[in-house]
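The values are calculated or read from the model by the stated rules, or taken from the named source; none is laboratory data. Predicted model, so just to flag it, every value in this text is computed and none were measured. Here the Cβ positions follow ideal geometry from the backbone for every residue, glycine too, while neighbour counts run over all protein chains shown. Surface accessibility is based on the protein's heavy atoms, side chains included, excluding ligands, DNA and RNA. Shrake-Rupley method; radii C 1.70, N 1.55, O 1.52, S 1.80 Å.
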Amino acid sequence: MSSPGKIPVSILGATGTVGQKFVSLLADHPWFEVAAVAASSASAGRPYGEAVRWREQSALPDRIAGLMVKDCTPPFPGPIVFSALDADVAGPIEQALARAGSFVVTNTRNHRMDPDVPLLIPEANADHLVLIDRQRETRGWTGAILANPNCSTAGLVLALAPLHQAFEVEKVFVSTMQAVSGAGYPGVPALDILGNVVPHVGGEEEKMERESRKILGRLGTDGVTPAEFALSAHTNRVAVIEGHLEAVSVGFRRRVTPEQAIATLRAFRASPCVAGLPSSPAPPVEVDLRADRPQPRLDLDRGRGMAVTVGRVRPCPILDLRMVLLGHNTVRGAAGQAVQIAELLVADGRVGPHP
Ligand SMILES: NC(=O)c1ccc[n+]([C@@H]2O[C@H](COP(=O)([O-])OP(=O)(O)OC[C@H]3O[C@@H](n4cnc5c(N)ncnc54)[C@H](OP(=O)(O)O)[C@@H]3O)[C@@H](O)[C@H]2O)c1
């Protein structure tokens, strides 16, 4: 039974790190209500409260604890399915759901670079949403797949978007310090990460390089033409629980001073439609110029985890500007932004009625 006026939604991979963040963010959502949770055969058939090893700080709501975990075969209640599945199994499951009529908002890597799948950061490229019309037509699906970028890309590109619009990015050099929660649960073994830095996050550098260019690309009649800039990423896993910190140098096609970049980041606002979504933070980018900020422990929850914090904006002797940014990997980089994308589907009139 769903509450009157709320749209039922389902969560795949609900027992994992990102799945639990979905449950916690959707517990009191004004438009959506969790109607079904699904995971692997090891969890299916058990009440969610028993199957999950709950790691969120908020209490697990009784109603959701009592939901029986489903396996991942359709049908699912409600028009929207959030996917937080292991990428090794997600592809065919997400396709089957979209074929069967669901709007699948996915955190997995599987479909991000498909030309007819929008890869969305709503504040940066909400116009790419229309790609789902072509996707549904060419694939003959009644539903569609919409993708959330990789967690390091989400933070980086939200901060780059206003700078790209104003000064046109030409080159990016980025070195990440990524939290262990980015590897899911139980993730990186304690003996590998405590007192240590691991200078490799599998596949992440390639994802940052291609996804950034697609998100900041231009939408035309033939789809998205990727933005033309070079990006060099070094990705590192550090002993932080949540929050990806990124040290970035950027070269631009137009001249820009640190003061102009700071003013541009501070003035950045989403379109009125996106700004009005329940999960959208105001502002999307916070600039903090204190000498030792941002820090994961102190700045992670700005904008309820949906804002990116930028600091240390200064000249770069090799490219034009240097800065440090922080993004919440399981909120802006995963569940929070996926919920925001689903809100955009509702606000755009593609799922209704608007509660
Ligand atoms: N963690 C992050 O910060 C982050 C950020 C962005 C994107 N992502 C992506 O989001 C997805 C989930 O990540 P995570 O960190 O939440 O991983 P996780 O903690 O390992 O959770 C994986 C989930 O997938 C389910 N699953 C595994 N095998 C399955 C199968 N054969 N059939 C159905 N369900 C299966 C698991 O269910 P059981 O509990 O039943 O095994 C669990 O619910 C991944 O694709 C990841 O790359 C993660």
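In Å², what does the accessible area per residue of the chain work out to with a 1.4 Å probe?
So the chain comes to 42 Å² accessible per residue, rounded to a whole number.
Using 0.36 nm per residue and subtracting the Cα-Cα separation, the extra length available between Leu298 and Ala282 on full extension is 3.9 nm. When the residues Lys21, Lys171 are ordered by accessible surface, computed with a 1.4 Å probe over the protein chains alone, the sequence from largest down reads Lys171, Lys21.
Cβ-Cβ distance of Thr138 and Ser271, R₀ of 22 Å, FRET efficiency by 1/(1 + (r/R0)^6): the value works out to about 0.20. Note on segment 1-59: with charges restricted to the Cβ of Lys and Arg (+1) and Asp and Glu (-1), its dipole about the Cα centre is near 140 debye. Taking a straight Cα-Cα cut-off under 14 Å and skipping sequence neighbours fewer than 8 places away in the same chain, the aspartates and glutamates within cross-link reach of Lys214 are Asp114, Asp116, Asp127, Glu206, Asp222, Glu228. The charge dipole of segment 128-225, taken about the Cα centre with unit charges on the Cβ atoms of Lys, Arg (+1) and Asp, Glu (-1), comes to about 260 debye, rounded to the nearest 20. Stretching the chain fully between Thr257 and Arg53 yields a gain of 68.6 nm (0.36 nm per residue, less the alpha carbon separation). Using a 1.4 Å probe on the protein heavy atoms, what percent of the accessible area of the chain belongs to carbon and sulfur? Carbon-and-sulfur percentage of accessible area, whole number: 52. Ordered by 1.4 Å accessible area with all protein chains kept, Arg237, Arg314, Arg254 run largest first as Arg254, Arg314, Arg237. Each peptide in 27-40, 59-72, 191-204, 278-291 was scored by the mean count of other Cβ atoms within 10 Å over its residues; highest first, the order is 27-40, 278-291, 59-72, 191-204.
Exposure check, 1.4 Å probe, all protein chains in place: Met323 carries approximately 10 Å² of accessible surface.
Only lysines eight or more places from Lys6 in sequence, or on another chain, were considered; those with a Cα closer than 28 Å are Lys21, Lys70. For the chain, the 222 nm mean residue ellipticity estimated from helices alone, with every DSSP H stretch of n ≥ 4 adding -39500 (n - 2.57) and the total spread over all residues, rounds to -8500 deg cm²/dmol.
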